[in-house]
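Structure, as structure tokens:
The values are calculated or read from the model by the stated rules, or taken from the named source; none is laboratory data. Model, not experiment: these values are computed from the prediction. FYI the Cβ positions are ideal-geometry reconstructions off the backbone, even for glycines, and counts take in every protein chain you see. Protein only, heavy atoms only, side chains kept; ligands, DNA and RNA dropped before computing areas. Shrake-Rupley method; radii C 1.70, N 1.55, O 1.52, S 1.80 Å.
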Amino acid sequence: MTCEGGFRFLLDLPQATTLQAGDHLILTTGETIAVKAAAEPLMIATCQDTHHLIRTAWHVGNRHLPAQILPDRLVLRWDHVIAEMLEVLGCDVTRKDGPFTPEGGAYDHGRTHGHEH
């Protein structure tokens, strides 16, 4: 891996581990590296009220999409097809680049879950 300043290191963990922005890695040399979320293309679906948020989140979850759930809006990776769906559902959709920290899966130890079924 390469840090923002160009420092390179090997990240070899015994198992898949979720790293969140603000976490720190301690290298065998004793050096510490702060984890920072990279900016990526996102969309923000602003909902009218709590019921609208819940209903919209259900539709997003039904499509197995990772989403960050906030009190009045959902944050998802940019996808023009899903943006259209959200607008049909009555959301105001805006694009934004920024860090993405979706909810973790219910049965896993990380932020997402597989679909081997």
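Roughly what would the spin-label model give for M1 and L70, points 7 Å off Cα along C-beta, in nm?
The two pseudo-label positions are separated by 2.5 nm.
Which residue, chosen from T50, T29, L13, occupies the Cα position most advanced towards the positive end of the dipole of the range 1-64, where the dipole is computed from +1 (Lys, Arg) and -1 (Asp, Glu) charges on Cβ about the Cα centre?
Of T50, T29, L13, it is T50.
Can you give me the C-alpha center-to-center distance between the range 36-54 and the range 62-108, rounded to a whole angstrom?
If we compute the Cα centre of each part, the gap is 5 Å.
In debye, nearest 20: dipole of the chain around its Cα centre with unit charges on the Cβ of K, R (+) and D, E (-)?
Dipole magnitude for the chain comes out near 40 debye.
Per residue, how many Å² of accessible area does the chain show with a 1.4 Å probe?
On the way: 8460 Å² over 117 residues.
Per residue, the chain has 72 Å² of solvent-accessible surface.
Once neighbouring chains are kept in place and the probe is 1.4 Å, which whole percent of the accessible area of the chain is contributed by carbon and sulfur?
Working: 4560 of 8460 Å².
Ligands and nucleic acids excluded, carbon and sulfur give 54 percent.
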